[in-house]
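Written below as structure tokens is the structure these notes are about.
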Amino acid sequence: MSKNRISPLKQLSIPRLELCGAVLSARLREKVVNSMDVAFTRVIHLVDSAIVRAQIQKESYGFGTFVANRVSKIQAKTQTSDWYWIPTDVNPADMTTRVTPANLIGNDSMWQNGPSFLQEPIEQWPIRQENLPVEQIPDIIVHHNISRKDSSITANSPLDEIDVLRFSSLRKLYKTTSILIQIAAKKSFKGILRSITADDLRDAEKMWILHAQKDLPQHALYRFRRLGPSITSDGIVVVGQRMNTWLSKSWNTTSFALVPHKSPYAELIVKSCHDEDHAGLDVTLAKIRSRFWIPGVKRVIQRIKSKCMVCRKKDKMKVCQQMGDIPEERMTPSPPFYHCAVDLFGPLTVKDTVKRRTHGKGYGVIFNCLVTRAVYVDLAEGYDMNSFLMVLRRFVSIRGYPRYMISDAGTQLVAAGKELRSILHTWDWEIVKDFGKDKGMDWVTTKSADAPWENGCSESLIKSVKKSLEVSLGSNILTFSELQTALFEVSNILNERPIGTKNNDPNEGSYLCPNDILLGRASTRVPTGPFQNCTNPKLRWKFIHDIVNTFWRRWTRDYFHTLIIRQKWHTESREVQKGDVVLVQDSNAVRGQWRLAQILETLRSRDGKIRDVKLRYKNCNNGRYYHGCQDSVICRSVRRLVVIIPVEEQTN
């Protein structure tokens with residue numbers, strides 16, 4: 001029985017091809033032994049490759065991947081003592097690997113009858129089991145031991161007593177080491193600091209490199225063979241020998257010291273290079289590799305960068321909390337402006353009615369229905385609280401008292417400009433909240449300042465109002481009544497805007513808009529008739545009732561499903577905890593001037609998630625002693641926070 005295979009398309013060396021043939025022989029033996037009922041006392045494998053036989057005698061883990069896999073397969077199916085070497089001229093399997101004349105494979109040939117020595121006792125066979133020197137076996141991993149001429153760094157080196165990680169930079173470590181060396185040499189402290197030279201610092205660096213390289217494995221020269229390692233006259237393992245000429249001319253160096261990444265010295269190298277400018281991974285990596293070669297250094301850089309407080313303040317992302325659930329009030333059909341939100345914007349420039357060249361200021365007030373998305377925009381004459389209450393009274397006179405009114409937290413009306421925010425500090429918001437209580441209206445304010453998304457339904461409409469005014473007015477300045485009229489017309493434009501998805505069915509009429517429930521039609525134009533002149537109150541009630549039902553049916557079909565999608569903030573992250581040290585984002589300051597604060601209390605929303613917190617910070621100016629400042633407590637949304645030191649790190 002014979003078995004052969006064609007060599008693969010990928011070119012392999014002759015020893016590797018012969019090793020593949022040995023694997024084929026081991027498989028053929030297993031099949032023959034398992035297929036026959038004869039009990040074999042011994043099975044011998046004969047190969048004419050001394051290299052293959054030597055590889056089979058070794059452990060598989062001592063080779064490269066290709067050879068190791070095949071040697072392990074052979075050793076799993078056969079015994080290493082079953083393999084012998086024979087000369088090529090008496091190996092019949094060799095005849096199929098080359099061109100062989102037909103007369104050499106006849107009936108009396110070695111191919112048909114086998115080699116003649118099979119008829120003789122095994123002791124007379126031309127076979128032997130000789131081991132090749134390790135240097136002649138390809139693909140074997142040779143372990144080169146590192147032997148250094150410099151024996152100043154012993155197993156119990158004095159450098160072991162120095163905690164490297166207590167130093168903030170390499171220079172301080174080298175300087176301290178140089179001082180200790182001089183103290184040990186001079187037996188005196190006199191004149192030590194003045195006598196430190198650059199050579200002393202270089203000697204200290206060599207000592208620390210040698211100390212760190214004690215952790216290198218004994219076969220480091222083979223493990224890092226792709227880097228071209230070698231040992232200098234100082235006993236330091238270096239890499240980069242293949243670029244010696246270029247390095248000496250361009251970088252004024254000849255090689256890079258090899259430092260294991262798990263050593264504290266490697267961590268200090270990375271920390272020193274990173275602390276120079278707190279740049280990204282690539283910049284720090286370039287600085288390190290100008291002098292050292294640290295395998296796996298990218299993981300060390302990322303670990304150092306993640307612990308760096310400066311980088312956390314500079315680069316860390318703000319806290320991300322998943323967008324909250326829609327309030328039930330926005331999904332429950334109700335009369336227009338039954339659930340309402342209010343916000344202020346401005347100031348808007350107003351021209352005096354009599355003195356045309358005199359300009360004043362007015363402030364816009366927007367009311368919007370949370371369910372129907374209807375809008376009412378009015379203009380307040382001044383910045384005092386009474387002017388706002390006048391606008392509020394006009395609104396409730398036209399639209400009725402809402403069940404409850406939502407606004408930003410008093411002095412934190414975010415849509416208002418900086419000037420308006422400073423004015424609102426003088427308002428007595430308790431009087432504003434008391435307005436309408438006897439009519440059943442409740443006033444609800446958001447918890448945090450500087451969180452416009454908590455009243456986002458008003459913020460988006462204010463943007464639309466400003467855009468409409470910009471398009472319609474341009475640079476023109478109007479009187480108070482003219483501007484108020486323009487705002488009323490803008491309100492109507494916004495109430496004609498489509499809400500929800502547009503239905504392509506012509507039988508369903510035009511798009512859905514807030515005017516459908518306010519006016520019974522989308523446009524303010526005179527409705528087309530004719531209408532039946534019916535005086536029966538029941539029929540008139542039914543007519544109005546059908547209009548309202550049509551609106552809510554289309555509202556449910558075209559608008560309601562659009563509330564399902566979260567437009568942003570889709571994922572959940574770690575929730576802030578009491579005791580976390582955070583940066584508080586300030587919209588009026590750059591990131592480097594944000595306040596550092598600590599979380600005193602976490603406030604959960606209706607869905608159980610932490611969305612607002614109470615913070616404690618020191619209210620002190622630059623140059624004042626920090627511990628002498630009084631604490632201030634503020635409330636902020638978690639999306640304005642950057643967690644610098646989590647409470648878990650403080651505990652640990």
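The values are calculated or read from the model by the stated rules, or taken from the named source; none is laboratory data. Only a predicted model underlies this, so the values are computations on that prediction, with no experimental measurement involved. All Cβ positions, even for glycine, are placed from backbone atoms using ideal geometry, and neighbour counts span all protein chains on display.
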* **Test: residue in region 290-309 that is in a loop (DSSP other than H, G, I, E, B) and under 16 Å from the mean Cα position of the chain (by Cα)** => no
* To do: Determine whether ASN91 is surrounded by fewer than 14 Cβ atoms within 10 Å (Cβ to Cβ), at negative phi and polar (S, T, N, Q).
  => no
* Asked: What number of residues in region 377-405 are in a strand (DSSP E or B) and acidic (Asp, Glu)?
  -> 1
* Residues in region 246-253: is at least one within 30 Å of GLY62 (Cβ to Cβ), modelled with pLDDT under 85 and of a type in the set (Phe, Trp, Tyr)? -> no
* Asked: Do you know which residues across region 31-67 are exposed (fewer than 14 other Cβ atoms within 10 Å of the Cβ) and among the acidic types (Asp, Glu)?
  -> ASP37, GLU59
* Structure fact -> All-but-one check, LYS73 against (1) in a helix (DSSP H, G or I); (2) at pLDDT 80 or above; (3) of a type outside the set (Val, Ile, Thr); (4) more than 25 Å from ARG16 (Cα to Cα), failing number (4)
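Only residues that are buried (at least 16 other Cβ atoms within 10 Å of the Cβ) and either touching a strand residue (DSSP E or B) at 6+ places or on another chain (Cβ under 9 Å) or farther than 15 Å from TRP85 by Cα (or both): list them for region 1-19, please.
Matches in region 1-19: ARG16, LEU17, GLU18.
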* Asked: Before we move on, is LYS313 assigned to a helix (DSSP H, G or I), among the basic types (Lys, Arg) and free of Cβ contacts under 8 Å to residues at least 24 places away in the same chain?
  -> no
* **Test: residue in region 35-43 that is at pLDDT 85 or above, more than 57 Å from the chain's Cα centre (by Cα) and in a helix (DSSP H, G or I)** => yes
* **All positions within region 37-95 that are in contact with an Asp or Glu (Cβ under 9 Å, 6 or more places away or on another chain) and among the aromatic types (Phe, Trp, Tyr)** => PHE63, PHE66, TRP85
* Using the structure shown, decide if ARG98 is farther than 23 Å from ARG128 by Cβ, at pLDDT 90 or above and not small (Gly, Ala, Ser). => no
* Any idea which of (1) surrounded by fewer than 21 Cβ atoms within 10 Å (Cβ to Cβ); (2) assigned to a strand (DSSP E or B); (3) among the small types (Gly, Ala, Ser) is the one GLY364 doesn't satisfy? -> (1)
* To do: Could you tell me whether region 436-448 includes any residue that is in contact with a Cys (Cβ under 7 Å, 6 or more places away or on another chain), modelled with pLDDT under 85, over 20 Å from ARG394 (Cβ atoms) and crowded, with 16+ Cβ neighbours inside 10 Å?
  => yes
* **Filter pass, GLY592 being more than 25 Å from GLU328 (Cα to Cα), part of a helix (DSSP H, G or I) and of a type outside the set (A, V, I, L, M)** => yes
